[in-house]
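First up is the structure itself, then whatever we jot down about it.
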Amino acid sequence: MPRSFARKHAFPAGFVWGVATSSFQIEGAAAADGKGPSIWDDFCRRPGTIADGSSGDVACDHYHRLEQDLDLLASLGVDAYRFSVSWPRVQPLGQGAWNPQGVGFYDRLVDGLLARGIQPYLTLNHWDLPSALQARGGWAERDTVQRFVDYACGIDHRLGDRLATITTHNEPWVIATMGHETGVFAPGLRDRATAMQVSHHLLLSHGLALRALRAQGSKARLGIVLNLAPAHPATDSEADRTKARLEDGLLVRWYADALFKGAYPIDVLAHLGADAPHMRPGDMQAITEPMDFLGINYYTRLMASASDPFDAGANGYDVTDMGWEIYPQGLTELLLRMHRDYAVPPMYVKENGAAFKDVLVDGRVHDEQRRNYIASHIAAVADALRQGVPMAGYMVWSLLDNFEWASGYAKRFGIVHVDYATQARTLKDSALWYRDFLRLQRARRASVSAALAAE
Ligand code: IFM
């Protein structure tokens, strides 16, 4: 299968293949070596927040198994590894003193990747804000913007000479909406005006961080990662189409219009009314600071139904263990749309993958559904490329089974199985497929370069 699949779908020579994780979801070592608490440590301790009552205390114990996990990455043959830094591990209070042991961990991670020929793709904020900053108002407070800019510069100062890319925020919509409006994620607040203020501060801190990083001569390529999806009306009714337009406004245009056009969409501002964020002169200009790449996380599309607040209407497609519809053509549609509607820099799919109920039998996990999910989404990227969209890379979510936030450990997204009792790692069939597919990509690259050299 990888051979015929690889033959069918062509990717440019510099296309980057990777896998992704995040600090809180895999590291564990929640209070080790001077790490401060994050809002997710606190959230997990609140009864009823996490489906299985678990926490990130141990997770995949990656903090203590770094070398083994680096070897695992090397065995897959990826070009790049996307990881995030736990802000409270390196700067326990979110400002002031840095924690040398925490920084040392990421130093070893970055050097270990480079020693194995893997490019480090670093994310600064994958949701685990230091609790000390939340106590001062968190992302709803404008001062956190400057704290983030200082943190970004501190990381770049310590690691930036060895990084391929720095992503400011992962999925600002999730932080704002799920953390501050629906309250199902940390810090668990439920107020729309706060959520919109948070979204503005995240975007502002992104733009100001890019400016500051460039001013200090950062060598890394800089960007942000958005979770995006096409919003389709469940029926052709006027009401469903209006709802789809609003959902597109809140999820896609709110972020993309701000980043690439320097203004929030008028229809969404009108809808928000008094819940719209407070802005200061110069904010929108800062938010449009040019990016070197745009990262997109894609899992499914949105189905907007005016009669169902949860948009849960059945639509006939298979779903993953998260209940998310499998809709790879939505990825091609989204990439074409971003390319058409915005002056986007080269785009990466920075996360794509699926949770399924995996079973480990005799040392194997036959996760054919995940393999098919990944293959069909890689084909969707190839389709976008064929239609002229400048795509720079694709990363599977996730390297390892891990802590899936409010769902705890029951949902397994990894291409590598983790036995949480023993911490044993086992490559699932999807990982073996991805590894073989990447080998073929490399072989093709090598033969293209050989042919060019012979010309
Ligand atoms: O696990 C998450 C990740 O942290 C952010 N993007 C979506 C993934 C799956 O839910």
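The values are calculated or read from the model by the stated rules, or taken from the named source; none is laboratory data. All values derive from a computational prediction rather than experimental measurement. Here the Cβ is made from the backbone with ideal geometry for all residues, glycine too, and neighbour counts use every protein chain on show. The protein model used for the area step is the full one, side chains on, heavy atoms only, and it has no ligands, DNA or RNA in it. Shrake-Rupley method; radii C 1.70, N 1.55, O 1.52, S 1.80 Å.
Of the listed requirements (1) over 29 Å from LEU336 (Cβ atoms); (2) within 16 Å of the ligand (Cβ to nearest atom), SER398 misses just one: (1). For the stretch 221-236, what are the residues that are polar (S, T, N, Q) and either more than 30 Å from ALA306 (Cα to Cα) or outside any strand (DSSP E or B) (or both)? Answer for the stretch 221-236, where residues must be polar (S, T, N, Q) and either more than 30 Å from ALA306 (Cα to Cα) or outside any strand (DSSP E or B) (or both): just THR235. Across the stretch 165-186, a minimum of one residue is classified as away from the ligand (no atom under 16 Å from the Cβ), under 17 Å from SER22 (Cβ atoms), hydrophobic (A, V, I, L, M, F, W, C) and crowded, with 21+ Cβ neighbours inside 10 Å.
Name the residues in the stretch 120-144 that are closer than 16 Å to SER199 by Cα, open to solvent by 10 Å² or more (accessible area, probe 1.4 Å) and touching a helix residue (DSSP H, G or I) at 6+ places or on another chain (Cβ under 8 Å), would you? Residues satisfying the conditions are TRP127, GLN134, GLY137, ALA140, GLU141, ARG142. Within the stretch 27-59, which residues are farther than 25 Å from GLY295 by Cα, within 15 Å of the ligand (Cβ to nearest atom) and crowded, with 21+ Cβ neighbours inside 10 Å? Answer for the stretch 27-59, where residues must be farther than 25 Å from GLY295 by Cα, within 15 Å of the ligand (Cβ to nearest atom) and crowded, with 21+ Cβ neighbours inside 10 Å: PHE43, CYS44, ILE50, GLY56, ALA59.
Listed by position, the helices (runs of 4 or more DSSP H) contained in the stretch 1-107 that have at least 3 residues being under 29 Å from VAL145 (Cβ atoms) are 23-26, 39-45, 87-90.
To keep it simple, each residue is scored yes or no on (1) within 17 Å of ALA32 (Cβ to Cβ); (2) open to solvent by less than 10 Å² (accessible area, probe 1.4 Å).
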position: ASP79; (1), (2): no, no
position: ARG82; (1), (2): no, yes
position: TRP87; (1), (2): yes, yes
position: GLY94; (1), (2): no, yes
position: VAL103; (1), (2): yes, no
position: VAL110; (1), (2): no, yes
position: ALA115; (1), (2): no, no
position: ILE118; (1), (2): no, yes
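So which residues in the stretch 174-220 are of a type in the set (S, T, N, Q) and part of a loop (DSSP other than H, G, I, E, B)? Within the stretch 174-220, THR182, GLN216, SER218 qualify.
Against the condition over 21 Å from ARG439 (Cα atoms) and either β-branched (Val, Ile, Thr) or free of Cβ contacts under 8 Å to residues at least 24 places away in the same chain (or both), how does VAL110 come out, does it pass? Yes. Selection over the stretch 36-74 of residues that are in contact (Cβ under 8 Å) with a residue 24 or more places away in the chain and among the basic types (Lys, Arg) gives a count of 2. For the stretch 10-26, filtering for residues that are open to solvent by 10 Å² or more (accessible area, probe 1.4 Å), more than 10 Å from the ligand (Cβ to nearest atom) and touching a helix residue (DSSP H, G or I) at 6+ places or on another chain (Cβ under 8 Å) leaves 4.
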